[in-house]
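Everything below concerns the one structure shown next.
Read-outs throughout are calculated quantities, based only on the coordinates presented, and are distinct from any laboratory measurement. Every value quoted in this text rests on a predicted model; they were computed, and no experiment measured them. Heads up, the Cβs are rebuilt from the backbone with ideal geometry, glycines too, and the neighbour counts pull from every protein chain shown.
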Amino acid sequence: MNSLARKKVKIVCTLGPSSQSAEQISRLIEAGMDIARLNFSHGTHEFHRKLIASIREASQQKGRHIGIMQDLQGPKLRAGALPKEGIELKQGDVVLLYPEGSQPKLSTHGRIAIPISAEIAQSVSVDAQKGARILFDDGKIATRAVQISPPEMVVEVEVGGKLTSHKGMNLPGTPLSIPCLTEKDLEDLKFGISQGVDAVALSFVRNVQDITDLREKIRRHTQDSPLVIPKIEREEAIESQDAIIEVSDGLLIARGDMAVEIGAERVPTVQKRLIHACNQLGVPVITATQMLESMISSPTPTRAEASDVANAVFDGTDAVMLSAETASGQYPTEAVGTMSRIILEAERNTSQYSRHSNVFPVAGSIVNSIEKSAAAISEQVGAVAIACITHSGMAARTLAKYRPEAPIVAILDKESILRRLAFVWGVRGELIPKIVATDDLFAMVENVLKSNQWANAEDLVVVTAGVPTLRRGTTNMVKVHRIATQSEKSTEN
């Protein structure tokens, strides 16, 4: 098995101008990409339609089942359109924030009038209290509210800088009532489902209800729901992390907005806590933002960035994510290759440095007991792989929770499930024709493993499956199987 096939932590690549053709995407796959992220804050539906077609084309060419994650924009907490040169704000300046597209109602005398996104002006001004901190451009510009008259606010600049068009806003410490899903998000969601995206990432999540609302909207369009992955970036979400994880199919740690919301000094601790909580429940978790930021314009990363990626691996993350590095950077393929090499080196030393603690099976769960046993047996006998014959993907996902040393090979008959397993630590997979009860399961496993060069004659593999019924949710068997030699096969025939 080649080194990239042995890579267990997955790589999410944001696609964009630097990575939009099938040829460019093929190079990212060769370098180690497992999941393509489509950022719906940018691009038209036609742009994303072509991008999805390119992903599918490249995936087929490379024989890989690449997952597609649609990242919804969420409510635009942003400044509006400003002069091309921007506006220089100095400490002590008084600024009037008003809805873009309208005329200010409050007096502009002695105040700098700055439009903010009209869709959020009313809600934000109602939620904010006098004295609330309002930050712009990832916290580089800091202001404090001195007067509020919805939908307008007057703020005083505490930390100045140049503000340019459409820079983001944050209100740390202010619970916001604005819904996570905007009208734009609902249109984007409908489009994404029609295109068969494998996961939907939800921005600015606050609580369980936000996730429930998204699932309800998805059910209106399909019964084959993509994974629902909340992005954790607000204080309210961190406070409700356990409840959110329990109802989610995955989690994305959005460290950029999180740092602005709670302070950069808290992010590493929160990251570790979120990863640990996800590991305990077997919920895939993605660590994101600025992982190899310098590689947007440099062919090599900083030492701090290499350590950041490695430490996320040691923490137990299922995946790490690249943003502008692959979407618009000068070295997209190099960034993925670098991340792959860092992951592989960290994984070679996981036993020494990992903080991944023991995970115990869910009481009374047969599949948990079977898969935990499979992980332990594979280590004891030196198995080269663990093959999970599964219909829903749950067996492979459960096995990944126990972080076996042997690669996990999911064998199933539904491609959409296989793509969703791209989000799960350590899982590789193979699509086969529909499994029926009369199939020779072990011959099938041998064919899959040998054809992909995941195992050779006389290797030991561990197999889990549901027998004899092979129905969904029936995993009840674990077996140590030795791959037959050619002479043994001839004798059988």
ask   = With r defined as the distance between the Cβ atoms of Ala53 and Asp440 and R0 fixed at 35 Å, what FRET efficiency is calculated, to the nearest 0.05?
value = 0.40
remark   = Between Glu345 and Ala457, the two model label points (7 Å from Cα along the beta-carbon direction) sit apart by a distance in nm of 3.9 nm
request  = Would you calculate the separation in nanometres between label points at Val480 and Lys162, each defined as 7 Å from the Cα along the Cα-to-beta-carbon direction?
outcome  = 6.7 nm
message = For segment 87-170, what does the convex hull of the Cα positions come to per residue, in cubic angstrom?
response = 81 Å³
inquiry  = Give the residue list of chymotrypsin sites (Phe, Trp or Tyr not before Pro) in segment 136-231 that are DSSP loop and have at most 11 other beta-carbon atoms within 10 angstrom.
reply    = none
key: Partner aspartates and glutamates for Lys84 [C-alpha distance under 20 Å; skip if fewer than 8 residues away on the same chain]   = Glu100, Asp137, Asp138
ask   = Pairs Lys105/Lys217; Lys50/Lys401; Lys76/Lys105: which are spaced more than 32 Å apart, C-alpha to C-alpha?
value = Lys105/Lys217; Lys50/Lys401
request  = For segment 406-466, state which GluC sites (Glu not before Pro) are in a DSSP loop and have at most 12 other beta carbons lying within 10 Å of their beta carbon.
outcome  = Glu458
ask   = Computed FRET efficiency, Cβ-Cβ of Asp224 and Ser328, R0 35 Å: what is it to the nearest 0.05?
value = 0.60
ask   = Cα to Cα, under 14 Å, and not fewer than 8 places away if on the same chain: which aspartates and glutamates meet these conditions relative to Lys62?
value = Glu23, Glu30, Asp34, Glu430
message = Pairs of alpha-carbon atoms within less than 8 angstrom and 6+ residues apart define the contacts here; what relative contact order does segment 87-170 have, in percent?
response = 37 percent
key: Label-point gap, in nm, between Gln122 and Ala5 - each point 7 angstrom along Cα→Cβ   = 5.8 nm
request  = Give me Val9, Val359 ranked fewest to most by other Cβ atoms within 10 Å of their Cβ, as a rough exposure proxy.
outcome  = Val359, Val9
request  = For Lys450 and Ser149, compute 0.36 nm times the residue count separating them, minus their Cα-Cα distance, and round to one decimal in nm.
outcome  = 101.4 nm
ask   = What helices in the chain pass both tests, a Cα length along the helix axis of 20 Å or more and a mean Kyte hydropathy of -1.0 or higher, using whole DSSP H runs?
value = 267-281, 332-348, 366-381
ask   = Counting other C-beta atoms within 10 Å, which of Arg111, Arg397 has the fewest, and how do the rest follow?
value = Arg111, Arg397
ask   = Given a Förster distance of 56 angstrom, what is the FRET efficiency for Ala376 paired with Lys184, based on the Cβ-Cβ distance and rounded to 0.05?
value = 0.70
inquiry  = Quick check for you: which residues of segment 312-349 have the amide N under 14 Å from the point 7 Å beyond the Cα of Ser298 toward its beta carbon?
reply    = 330-331, 335
ask   = Sorted from fewest to most neighbouring beta carbons within 10 Å, what does the list Met321, Met444, Met477 look like?
value = Met477, Met444, Met321
inquiry  = Taking every alpha carbon pair in the chain, what does the distance histogram look like in 10 angstrom bins from 0, in percent?
reply    = 4, 19, 28, 25, 14, 7, 3, 1, 0, 0
inquiry  = As an exercise, identify the trypsin sites (Lys or Arg not before Pro) in segment 120-170 lying in DSSP coil whose Cβ has no more than 16 other Cβ atoms within 10 Å.
reply    = Lys130, Lys140
Farthest toward positive dipole pole in segment 87-170 [+1 Lys/Arg, -1 Asp/Glu at C-beta], among Ile141, Val94, Pro104 = Val94
